[in-house]
Amino acid sequence: MSAMSAKHEDSFRRKRRCGHECPRSKNMAEKFLMPKLSPTMEEGQISRWVKNEGDAFEANETLAEVDTDKATMEMTALSGGTLLKILKGAGDTAALGEAIAITGKAGEDISALLKEVGSNGKKAEPPASAGGGDAAKSATQPAAKETTPAAIPQSAITNPQSNGGRMIVSPIAARMAADNGIDLRSISGSGPNGRIIKRDIEEALAGGGTARSTATPKAFTPSTIVGASPFRDENTSKMRQVIASRLAESLGPIPTFYLTVEIEMDNVVAMRKQINASLDDDSKISVNDIIVKVAAMSLMKHPFVNASYQDKTIKFYEQADIGVAVAIDEGLITPVVRGANLKGFAEISAEIKDLAAKAKAKKLQPEEYTGATFSISNLGMMGIKEFTAIINPPEAAIIAVGGANPMPVVRDGKVTVRSIMNVTMSCDHRVIDGATGARFLQTFKQMLETPALMLM
């Protein structure tokens, strides 16, 4: 890395979370600009404001949560002050450098700044009331953008309490209400424009189920269905938009081929059992931890797989930075285990647990989920036998790991039962040839079937 690029990277790391227009003056109001919260971010969507207009804040205190192209990030203040005016409310999108609020000293005249930005912005959703528990935790999570479950009756779409007589319900809240038999008409939404969100359902459940409907559900008959199914349009999150864009990018210009191999997992399972026997419950390793380590070691033996095609050149990486797919409400994110080839099972396991917890709590930093050289997507724990995964550019490959299931196999002329796991590798043909990919999977398979090879 050049001195200039290092300087820019350092600047990004120090300033990415604060959008102050300039070094703060304690006695001068200023515009708070949308900051760059990820290396590839071009715009952000306000998920929620943690502070209300008129609230004071300290240095490094969170002002709002912002949906970026990668994840939901906390936007913090560089120094203390007062939130004088919110220009972009919950759900609003702002480009990098666009004014989203005005901060300064309480009571300052901000008319000149309001005129400058032409503010007609709406107020944001008020933050959740103080308190702990799951309800408080859920308040930090933006509503997922999914279709409403069919279990929500058409009668629940209208509500005299709601905006314009129409009930606004987040998909997660709708699903929770359906699963728990809650009548949405009895719920007052605390989200923007009276939107019923996850927190409202959790509070209803925590209150002893007082919001549960006592009415007996009407039996389904064809005569009750009139016309096409009702629907509602919702804007997608920035993360979901980027997922769609990158998948289209991957399937379009990247010539992809797939290789599948069957791997006997009995010896790995036995090795894991032996290792875990000497570890406490919090330190026990998983089969996936072993897979990450073995993949990293295999990459060191096959450099063309640990590479990427960029601008008519091939970049070869000197260490294996493994992206491990983690499912969150907004989609899929791949926290990165740096230098996995240099780490042991226990260290990899602890790091994956920490990264997964951060991902689900939306606390990942950009450097923790970008820059992988190879990715692993494991759906085996969900009962999936075999699948294909889409390459995450600019990486050249990704492996899709299915579950290990008992299967009859022939060994020494006799039928016996072995635990078989299917692994499919998606390969960028601009970098990886068929034989290259096959040799990588051969190494990967040999290490898992004969764990002693990991010592060589």
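Panel order for Phe32, Phe304, by other beta carbons found within 10 Å of each beta carbon, from fewest to most: Phe304, Phe32. When the listed pairs Lys301/Lys343; Lys85/Lys115; Lys362/Lys445 are checked against a 23 Å cut-off, the alpha-carbon distance exceeds it for Lys362/Lys445.
Checking the a/c ratio against 1.5 first, then a/b against b/c, what shape does the Cα gyration tensor give for the range 373-444? Verdict is oblate for the range 373-444.
By other beta-carbon atoms within 10 Å, ranking Phe57, Phe444, Phe374 with the fewest at the front produces Phe57, Phe444, Phe374. If the segment from Ala438 to Ala95 were pulled out straight at 0.36 nm per residue, it would be longer than the present Cα-Cα gap by 119.0 nm. Which of rounded, prolate, oblate describes the range 54-115, given a ≥ b ≥ c as roots of the alpha-carbon gyration tensor eigenvalues and a/c under 1.5 marking rounded, otherwise prolate only if a/b is larger than b/c? It comes out oblate by the Cα gyration axes.
Based on the convex hull around the alpha carbon atoms, the range 238-455 presents an average projected area of 12.8 nm².
All of the numbers you see were taken from the coordinates with simple rules; none came from a lab. Computed from a prediction, not measured in an experiment: that's the story for all the values here. FYI the Cβ positions are ideal-geometry reconstructions off the backbone, even for glycines, and counts take in every protein chain you see.
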